Amino acid sequence: MTRSTRPDTSQEHTGQEQFLTVLSRDEALARFEAVLFPRTTPTEELMLADALGLPLADDVTAPIDVPPFDRSNVDGFAVRAADIATASEALPARLLLNRETIACGVAPQIPVLAGTATSIATGGPVPRGADAIVMVEHTHPAEGDAIEVRRGASPGQFISHAGSDIARGEVLLRAGTVIGSREIGMLAACGIALVTVARKLRVAVLSTGDELVQPGDTLRPAGIYDANGAIVSAAITENGGQASFLGAYPDDEATLEAAMREALAAHDVLILSGGTSKGAGDVSHRIVNRLGAPGIVAHGVALKPGKPLCLAVCDGKPVVVLPGFPTSAMFTFHDMIVPVLRRMAGLPPRTEAKVAAKVPLRIQSELGRTEFVMVSLVEGEQGLVAYPTGKGSGAITSFAQADGFISIEALADNMPAGSEASVTLFTPHVRVPDLVVIGSNCTGLDLVVGILFRAGLTVRSIAVGSLGGLAAARRGECDIAPIHLFDAKTQSYNAPFLSEGLELVQGWRRMQGIVYRPGDLRFQGTDPEEAVRAALADPNCMMVNRNQGSGTRILIDQLLGAARPDGYWNQPRSHNAVAAAVAQNRADWGVTIAPVARSAGLGFIALKEEHYDFALVSARKQRPAVQAFLTALASPEFNEAVERMGFYPTWPSVRYPG
Ligand code: AMP
Ligand code: MG
């Protein structure tokens with residue numbers, strides 16, 4: 001990493017470029033803000049209802065008193081307090097009724113003279129002469145159009161005086177106050193129909209990349225759905241802006257430049273994603289410098305994910321190129337762009353909720369970059385535990401499963417297991433799930449979770465592999481750990497791996513087998529031995545392997561013996577990745593489970609049945625959610641569904657004692 005005082009803007013654009021100036025997050029933000037602020041916030045006058053969520057441009061003073069007149073707070077009689085000062089049960093005061101009744105909206109005509117009372121409704125204006133209201137419950141009708149009052153009243157009783165709520169000329173709301181329903185109520189009560197607010201920022205959003213396909217369209221080979229367009233537009237709306245999504249543009253410099261110029265002319269801000277890495281096809285960052293002065297102020301920020309972020313200001317308008325990977329785009333957008341947009345829009349900074357949690361595993365981190373790690377929270381024996389959920393910077397699902405994120409400072413190369421970390425929550429509150437499942441993942445598990453979900457229970461399922469699940473169960477961080485571990489010594493699954501405090505609950509069986517594209521005569525109609533022999537005999541036959549430590553890898557190694565055919569070093573971490581490699585012709589065979597083979601439309605040669613079971617934390621067995629899980633697992637509904645999916649249920653055998 002080289003440092004210079006000027007950002008890199010004058011590179012030759014041949015092939016792979018490097019980020020010459022990588023700035024720290026704070027430095028990049030400081031340069032961006034220094035060019036953008038101070039500035040005046042554009043304002044507009046809006047109808048009250050349309051002003052919801054926007055900050056007031058000016059102080060608003062009350063044009064009238066609220067209430068505008070002295071008002072009765074109860075149903076009863078307007079009286080002179082002095083007339084009933086000595087009234088009691090034994091000696092009631094008798095008052096003559098005036099010949100009018102004051103309902104809401106009725107202006108009184110007759111004064112309340114000594115010895116008289118006027119009937120008045122809640123909200124009615126207090127007549128001249130009266131200084132207190134007696135509740136109807138404390139009076140009795142009396143002969144000759146009169147009432148009897150059996151208790152005294154102090155002057156002012158049950159009267160709201162004019163201006164007691166809001167006094168004319170008082171500052172009602174201060175400039176900068178964000179208008180919510182309560183503020184709308186106050187303004188409406190004063191008769192204000194129009195307010196001047198900071199106008200919503202008009203933000204143009206544009207995605208770039210030859211590979212991008214809009215959601216709803218058919219995915220072509222090597223195509224990727226445009227996630228950033230939707231994410232960024234929604235995040236702008238969430239932060240009080242007005243997003244216009246202009247679509248995805250191919251990496252063509254001329255077309256893109258025309259689109260960017262047009263977008264910038266019609267909006268306050270332009271936000272792009274993709275094309276900021278310094279690869280040959282990445283053009284958006286090059287165009288930015290031609291759009292106005294001063295141009296790029298930071299390109300390359302010491303953040304992970306998010307290094308390729310590009311910040312520019314073109315003739316007063318911010319132009320941001322977010323990294324292409326959706327998680328990178330989201331983190332940089334929330335961490336660095338949202339604060340700037342809110343400040344431009346006159347909105348207060350977003351309030352973030354944080355909680356402390358223990359990190360159960362060591363998390364690797366890159367030295368020199370502030371690293372964000374998404375985490376799922378579970379309740380441990382000594383407080384909250386934060387499990388990393390990241391699947392790499394390309395993964396978008398981590399966001400949905402995460403409760404928040406932790407950041408590892410640039411100067412650390414890891415966060416040790418057992419560290420206390422501060423978790424910034426994505427939602428204002430921690431949602432502690434009813435059931436926590438940590439271990440190996442299986443699509444069959446979704447069926448059980450679905451049953452619990454429909455019963456109103458929340459389930460957090462964290463995939464860390466069988467061994468990780470057992471460790472979490474021993475530490476008391478989960479209720480149930482799904483496992484599929486083969487013990488070579490006893491030639492049996494799972495039971496030999498349980499320790500004190502854990503018990504085995506039978507799950508289901510998964511048939512592992514060799515997959516191939518239907519019609520491949522090297523495999524069609526063969527048994528496993530013939531299939532492997534055919535594969536090894538053909539030097540053009542490409543395999544796809546599995547990662548070290550997976551149960552499937554053990555099987556593959558048994559099949560291959562000492563052979564290392566082409567493709568052996570391609571070692572994806574999931575059943576689905578193996579099926580995708582074969583289906584897309586990147587490999588000719590691999591080993592995966594039957595339901596995955598079936599849904600990918602592949603041929604299948606059965607090899608061995610694998611047992612997918614559950615290590616249950618005995619101490620938690622009586623928890624209602626655990627009982628619900630066990631009931632769901634034993635239900636005909638689940639077992640029929642899991643069988644339809646292509647698994648072998650162990651039902652109706654008795655799954656657990658007691
Ligand atoms: P880039 O910054 O253009 O080199 O893109 C980096 C990675 O992000 C590539 O794998 C792109 O396919 C992916 N990517 C770029 N833009 C988007 C987008 N709008 N939605 C989803 N993925 C994207
Ligand atoms: Mg691209």
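The values are calculated or read from the model by the stated rules, or taken from the named source; none is laboratory data. Note that this is a predicted model, so its numbers are computed, not measured. Cβ coordinates were reconstructed from backbone atoms using ideal geometry, including for glycine residues, and neighbour counts include every protein chain displayed.
General observations
- Total residues in region 267-286 satisfying the condition of being modelled with pLDDT of 95 or more and more than 11 Å from ligand 2 (Cβ to nearest atom): the figure is 5.
- Residue in region 475-495 that is of a type in the set (A, V, I, L, M), in contact with a Ser or Thr (Cβ under 7 Å, 6 or more places away or on another chain) and in a strand (DSSP E or B) present: yes
- Matching residues, region 267-308, being within 19 Å of Asp251 (Cβ to Cβ) and not in a loop (DSSP other than H, G, I, E, B): Leu270, Ile271, Leu272, Ser273, Ser284, His285, Arg286, Ile287, Val288, Ile296, His299
- Being within 16 Å of ligand 1 (Cβ to nearest atom) and touching a residue at least 40 places away in the same chain (Cβ under 8 Å) holds for only one residue in Thr208, Thr139, and it is Thr208.
- Residues (more than 17 Å from Val321 (Cα to Cα), more than 16 Å from ligand 2 (Cβ to nearest atom) and touching a strand residue (DSSP E or B) at 6+ places or on another chain (Cβ under 8 Å)) located in region 197-219: Val197, Ala198, Arg199, Lys200, Leu201, Pro215, Leu219
- Candidates are the residues of region 272-300 that are within 16 Å of ligand 1 (Cβ to nearest atom) and basic (Lys, Arg); the one that is surrounded by the most Cβ atoms within 10 Å (Cβ to Cβ) is Lys278.
- Note on region 321-433: enclosed strands (runs of 3 or more DSSP E) holding 2 or more residues that are surrounded by fewer than 14 Cβ atoms within 10 Å (Cβ to Cβ) and modelled with pLDDT of 90 or more are 354-358, 420-425.
- Checking region 641-650 against the condition returns a match, with at least one residue being closer than 30 Å to Ala531 by Cβ, outside any helix (DSSP H, G or I) and in contact with an Asp or Glu (Cβ under 6 Å, 6 or more places away or on another chain).
- Filter result for Ile120 (under 25 Å from Asp165 (Cα atoms), free of Cβ contacts under 8 Å to residues at least 40 places away in the same chain and either touching a His at 6+ places or on another chain (Cβ under 9 Å) or surrounded by 23 or more Cβ atoms within 10 Å (Cβ to Cβ) (or both)): no
- Among the criteria (1) outside any strand (DSSP E or B); (2) farther than 18 Å from Tyr249 by Cα, the one Leu311 does not fulfil is (1).
- Condition check for Gly176: at positive phi, within 16 Å of ligand 2 (Cβ to nearest atom) and either surrounded by fewer than 21 Cβ atoms within 10 Å (Cβ to Cβ) or within 30 Å of the chain's Cα centre (by Cα) (or both): no
- A count restricted to region 235-266 and to residues that are within 16 Å of ligand 2 (Cβ to nearest atom) and either part of a strand (DSSP E or B) or farther than 15 Å from Val288 by Cβ (or both) stands at 6.
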